[in-house]
Amino acid sequence: MITRRKVLQGAAGFVMGTLALSGYAIGVEPEQLAITRYRLTPRNWPSGLRLRICALADIHAVNPGMSVERIRGIVETANLLEPDLMLLLGDYSHGRTLSWPIPAAEWAPALADLRARLGVHAIQGNHDWWDDAAAQAAGHGPTEVHRVLEAHGIPVYENRVTRLVKDGHPFWVAGLADQLALLANRKTGRRWIRGFADLPGTLAQVTDDAPIILMAHEPDIFTQVPARVSLTLSGHTHGGQVRVFGYSPLVPSHYGNRFAYGHVQEGGRDLIVSGGLGCSVLPFRIGVPPEILLIELGGGEAAA
């Protein structure tokens, strides 16, 4: 028999459970830091080329939650991994409500301390554009984030490539401009979100058959990436910020959970989507803690 006492006990248990989960989602998991490791050999990867990549995505510098001090701690942890390449996958700007954004001039010096044998290489994300009122009004860059990163010695890739060599083996790092850079704006006549990513134009700059590592903030463009690209690295989704039993209820992607998080293999092509470091819109995470990616290429089983 259901009594009033049982109903009240059940209601109290539900409230306490909700409060406990909310406290964990806001105060515990977002403050954690995981190192997520992948080891793979993409299709047609050169024998003898081993490459150690550290990738950081979606920092979202903001108080509270992602202070300059915390960013410095992330940088120290990333440097301890001793990568060949350090890749920054965009969204350094806050992109969050109920918070106090940190100016790029304050967080960029922390990122300038990143170290890798073959350098630090960056792209921008949608919030680096969306949070820049001047760039939105002008309809073009460079954004403040772009200018400040390059002023601190970090090259920002906007549809361009660079050729690097490791142990006598050449390879290319390519970086796309953001796919969602400009918001719709009736005053300027923009009816839809507009991006600047030029995948064909970027890949056309590659002049030999050496492997290509592609940085693209939003993973949706992976459907257009040719097999010529060895590995695509993306962020943006935060793994949905809530991920339970491998499923994210809400993912900022046209493809839902297809590109929500982790290592995706399609048609012999490889994509890795980072769960990111910060939070967007609301400061909570469940089942997808902040992470640094450590990717070892050439040390795993070759793709079919």
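The values are calculated or read from the model by the stated rules, or taken from the named source; none is laboratory data. Note that the structure is a prediction, hence the values are computed from the model and not measured. Using ideal geometry, Cβ is built from the backbone for each residue, glycine included, and neighbour counts are taken over all protein chains shown.
Looking at this structure, is Arg147 over 25 Å from Asp198 (Cβ atoms) and of a type in the set (Lys, Arg)? Here the answer is no, as Arg147 does not meet what is asked.
Among the residues making up region 35-49, those that are closer than 16 Å to Met86 by Cα and surrounded by 15 or more Cβ atoms within 10 Å (Cβ to Cβ) are Thr36, Tyr38. Picking from residues in region 193-246 that are of a type in the set (D, E, K, R) and farther than 22 Å from Asp58 by Cα, the one that is surrounded by the fewest Cβ atoms within 10 Å (Cβ to Cβ) is Asp208.
In region 50-72, the residues that are closer than 19 Å to Glu82 by Cβ reach residues that are small (Gly, Ala, Ser) and in a helix (DSSP H, G or I) with C-beta atoms within less than 7 angstrom, at least six apart or across chains, in these pairs: Cys54/Ala78; Leu56/Ala78; Arg72/Ala110. Any residue at all in region 123-130 that is in the same structural domain as His217 (by TED's automatic domain parsing) and free of Cβ contacts under 8 Å to residues at least 40 places away in the same chain? No, region 123-130 contains no residue that is in the same structural domain as His217 (by TED's automatic domain parsing) and free of Cβ contacts under 8 Å to residues at least 40 places away in the same chain.
Considering (1) more than 14 Å from the chain's Cα centre (by Cα); (2) touching a residue at least 12 places away in the same chain (Cβ under 8 Å); (3) over 23 Å from Tyr157 (Cβ atoms), the lone condition that Tyr247 does not fulfil carries the number (2). Does Ile154 satisfy being touching a residue at least 60 places away in the same chain (Cβ under 8 Å) and in a strand (DSSP E or B)? So Ile154 does not fit the description; no.
When you check Val165 against the structure, is it out of contact with any strand residue (DSSP E or B) (no Cβ under 7 Å at 6 or more places or on another chain) and assigned to a strand (DSSP E or B), yes or no?
Details: out of contact with any strand residue (DSSP E or B) (no Cβ under 7 Å at 6 or more places or on another chain): yes; assigned to a strand (DSSP E or B): yes.
In short, yes.
Report whether or not Leu277 is closer than 29 Å to Val68 by Cβ, in contact with a His (Cβ under 8 Å, 6 or more places away or on another chain) and modelled with pLDDT of 95 or more.
So Leu277 passes the test.
Could you check, for region 263-273, whether at least one of its residues is assigned to a loop (DSSP other than H, G, I, E, B) and either modelled with pLDDT of 95 or more or buried (at least 20 other Cβ atoms within 10 Å of the Cβ) (or both)? No, that holds for no residue.
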